[in-house]
1. Of the residues Ser116, Ser102, only one is of a type in the set (Gly, Ala, Ser) and in contact with a Lys or Arg (Cβ under 6 Å, 6 or more places away or on another chain); which?
2. List the pairs whose first member sits in segment 20-47 and is modelled with pLDDT under 95, whose second member is of a type in the set (S, T, N, Q), and whose Cβ atoms are under 8 Å apart, counting only residues at least 6 apart or on separate chains?
3. Lys151 - would you say it is among the charged types (D, E, K, R), at pLDDT 95 or above and farther than 17 Å from Gln28 by Cβ?
4. Go through segment 39-82 and give me each residue that's surrounded by 20 or more Cβ atoms within 10 Å (Cβ to Cβ) and of a type in the set (Val, Ile, Thr).
5. Please tell me if Gly82 is farther than 18 Å from Met133 by Cβ and part of a loop (DSSP other than H, G, I, E, B).
6. If only one of Tyr95, Tyr107, Tyr112 is among the hydroxyl-bearing types (Ser, Thr, Tyr), assigned to a loop (DSSP other than H, G, I, E, B) and buried (at least 19 other Cβ atoms within 10 Å of the Cβ), which one is it?
7. Starting from segment 60-78, take each residue that is closer than 15 Å to Gly96 by Cα and modelled with pLDDT under 95 and list its partners that are outside any strand (DSSP E or B) and not polar (S, T, N, Q), counting only C-beta distances under 6 angstrom and pairs at least six apart or across chains.
8. Considering only segment 117-147, how many residues are surrounded by 15 or more Cβ atoms within 10 Å (Cβ to Cβ) and part of a loop (DSSP other than H, G, I, E, B)?
Amino acid sequence: MKIQSSGFKEGEKIPSKFTCDGENVSPQLSWSDFPNKTKTFALIVDDPDAPSGTFVHWVVYNIPSGITKLPEGTTSKNLPEGTNQGTNHMGDSDYGGPCPPSGTHRYYFKFYALDSEVQLKAGAGKRDLLKSMEGHILAEAQLMGKYERGK
């Protein structure tokens, strides 16, 4: 399985448009080469370089298997029907872009193909999603971008 963005390539700098220094909108994402038995997809965006431990920027799940992309600027208002968002570490459900306090941080867009829908209560976070996906992950892919705030 592959995940990519028209906004940046693997290992490249994430444009400020997708960060707290810009418009803070989610980048366009698309995926391909997933298993035929896929029922839904899930996405977790996090920063393992945050000073207090991994910081979660976005949690999305139950993306229907017929969907192969999320447009730039995806929010709760334009998610594909049936798709849910969990709570990020900013206490919000929508995408929260990179905003590192210092230095260059890595941001991982982790994508999962699942054999079922995920059953979670509203407000669930990354940990809840990972637990509910156990035994249901058919394939995984990730896209990593870097960001450092201007001086």
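1. Working: Ser102 fails: in contact with a Lys or Arg (Cβ under 6 Å, 6 or more places away or on another chain).
Ser116 is the lone residue from the list that is of a type in the set (Gly, Ala, Ser) and in contact with a Lys or Arg (Cβ under 6 Å, 6 or more places away or on another chain).
2. Listed by first residue and then by second, the contacts come to nothing, as the list is empty.
3. Values: among the charged types (D, E, K, R): yes; at pLDDT 95 or above: no; farther than 17 Å from Gln28 by Cβ: yes.
No, not satisfied.
4. Result: Thr40, Ile44, Val45, Val56, Val59, Val60, Ile63, Thr74.
5. Working: farther than 18 Å from Met133 by Cβ: no; part of a loop (DSSP other than H, G, I, E, B): yes.
So Gly82 fails the test.
6. Numbers: Tyr107 fails: assigned to a loop (DSSP other than H, G, I, E, B); Tyr112 fails: assigned to a loop (DSSP other than H, G, I, E, B).
After applying the criteria, what remains is Tyr95.
7. The qualifying pairs are Thr75/Asp94; Ser76/Asp94.
8. Final tally of qualifying residues: 6.
The values are calculated or read from the model by the stated rules, or taken from the named source; none is laboratory data. Model, not experiment: these values are computed from the prediction. Positions of Cβ are generated from backbone atoms using ideal geometry, with glycine treated the same way; all protein chains shown enter the neighbour counts.
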